[in-house]
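Okay, so here's the structure we're looking at.
The values are calculated or read from the model by the stated rules, or taken from the named source; none is laboratory data. Just so you know, these numbers come straight off a predicted model, no measurement behind them. Positions of Cβ are backbone-derived with ideal geometry, glycine not excepted, and every protein chain shown enters the neighbour counts. Each accessible area value is taken on the protein alone, full model and side chains, heavy atoms only, with ligands, DNA and RNA left out. Shrake-Rupley method; radii C 1.70, N 1.55, O 1.52, S 1.80 Å.
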Amino acid sequence: MNDILPPDSADWEWLEDKVRGLMARFAYRNMRTPIVEPTALFVRGLGEVTDIVEKEMYSFEDKLNGEHLTLRPEATAGVVRAVVEHSMLYEGGKRLYYMGPMFRHERPQRGRYRQFHQIGAEALGFPGAQVDAELILLAHSLWRELGLTNVELQLNSLGQPEERRAHRSALIAYLEKNVDALDDDARRRMYSNPLRILDTKNPAMQDVVNAAPRLLDFLGEASLKHFDTVKSILDANGVPWTMNPRLVRGMDYYNLTVFEFVTTQLGSQGTICGGGRYDYLIEEIGGKPAPAVGWALGVERVLELLKEQGAKAPTPVPDAYAIIPDAQRLPAVMAALQTLRAAGVSVQMHTPTAAGEDMGSMKSQFKKADASGARHALIFGADEMARGAVTVKALRDGDGQQQEQPLNAISAWAPSLLTTV
Ligand code: ATP
Ligand code: MG
């Protein structure tokens, strides 16, 4: 679990701002659900035989009432619970997004943390393949907006439950024939969740899974048509994709379209975003049956990839740094700073870090002003304040030009302090 500190936190805010802007343009609305949910929600929602439910959840018993609770390992189950609880689909479909921390008890390594952050988008109540495509276009637009390159879109279709059942029988028969090539995990899941075996990261098992019966070959006409529609919309939008017949995703709840955005630049944790359709989850969680599709991206991995590709969010600097020679004038100075901030100027006030009222020498205050990165210093000296004015000095450009400005007309000159990019 990481502390996210300045200056790195500026990268987080930059990414979050980009996401908010983009979600607004796709008309997805923000939603926030609790960090803690009943454990049963995740067991039902994700499926009992999944990595998350089997070994990754932070679960505990509420000491007061014995309730079984879990720190959310992902947000889709919580979103669906809230959508059902508040009858949000009563008037039709909903487009939603969220951002926030998730918790999984995994072995920590590069790109894999125990508290990590996801941003996710969900479209609930829409059965059509165009919404699958819209969500993929949304993620694709985000990479563009962030300036990310080298992100590959992988697609697969998981079909419908009855198609999966037919494939499952064929798969189990195949695995039984090849049981010697399976690791312990695979043998344990052979009958409970054989599809997940195809998702194995064990290098020794790649040959046996590569030759396994493909789910795609078991899909009926409607499932294939749904998949074709998604692909043709992506093609029409110039979004490249590759087919990955082994893409099954971590959770049980997916059907039809599944996808991942993958990069080779992050070592073995190369998936930055994953999602798909989950038409049966809402009913599973106790709602009236309704279709849904969504994705979640890993914020840490996206930021790490940005760093890897040399992209950097602009470092925030204040427009002005207030130099205050005399502590006695603080009330009047701070009133002036308030007016500046109300006019949109960002101002950092000089503040001594040692105990006592001494503000420090002008020289040391100017040093701090320089270090802050501010483009202007505001000098609240005794002489100019007696005249009802403040001296504005350029710190970065204009050869240190300075000019007195009246304190009773701040809003008239405040805009001249704003950094224009
Ligand atoms: P993986 O196969 O890497 O374990 P997953 O299938 O468990 O991924 P999802 O549950 O689909 O991942 O989560 C969506 C995204 O969240 C992932 O693609 C990844 O970018 C990110 N993510 C998942 N687990 C972690 C983690 N422990 N630390 C950081 N990011 C994570
Ligand atoms: Mg995982």
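Projecting the Cα atoms of 226, 24, 103 onto the dipole axis of the chain, where Lys and Arg carry +1 and Asp and Glu carry -1 at the beta carbon, places 24 farthest toward the positive end.
With every protein chain left in place, what is the accessible area per residue of the stretch 253-330 in square angstrom, probe 1.4 Å?
Working: 2800 Å² over 78 residues.
On a per-residue basis, the stretch 253-330 sits at 36 Å².
The angle between the Cα long axis of helix 362-372 and the main principal axis of the chain comes to about 20°, on a 0 to 90 degree scale. Basic side chains Lys and Arg get +1 at the Cβ, acidic Asp and Glu get -1 at the Cβ, and with that the dipole of the stretch 193-340 about its Cα centre reaches some 120 debye.
With +1 on the Cβ of every Lys and Arg and -1 on the Cβ of every Asp and Glu, and nothing else charged, how large is the dipole of the stretch 297-377 about its Cα centre, in debye rounded to the nearest 20? Can you show the working numbers first?
Values: 9 positive and 8 negative charges, 34 e Å.
The calculated dipole for the stretch 297-377 is roughly 160 debye.
Ordering of 148-160, 405-417 by packing is 148-160, 405-417, highest average first (other Cβ atoms within 10 Å, averaged per residue).
Ignoring ligands, DNA and RNA, what percent of the accessible area of the chain is carbon or sulfur (1.4 Å)?
Numbers: 10650 of 20740 Å².
Whole-percent figure for carbon plus sulfur exposure: 51.
Roll a 1.4 Å probe over the protein chains and send me the accessible area per residue for the stretch 352-421 in Å². Show your work: numbers first, answer last.
Details: 4250 Å² over 70 residues.
Here the per-residue accessible area is 61 Å².
Heavy-atom accessible surface of the stretch 60-133, averaged per residue, reaches 46 Å², computed with a 1.4 Å probe. Pairs spanning more than 30 Å between alpha-carbon atoms, out of 307/393; 177/201; 18/225: 307/393; 18/225. Overall, the chain carries a charge dipole of about 240 debye about its Cα centre when +1 sits on the Cβ of Lys and Arg and -1 on the Cβ of Asp and Glu, all other atoms neutral. A Förster distance of 41 Å, applied to the separation of the beta-carbon atoms of residue 184 and residue 110, puts the FRET efficiency at 0.95. Over the chain, with a Gaussian network built from C-alpha contacts below 10 Å, which listed residue (145, 106, 91) shows the highest mean-square fluctuation? Comparing 145, 106, 91 in a Gaussian network model of the chain, the most mobile one is 91.
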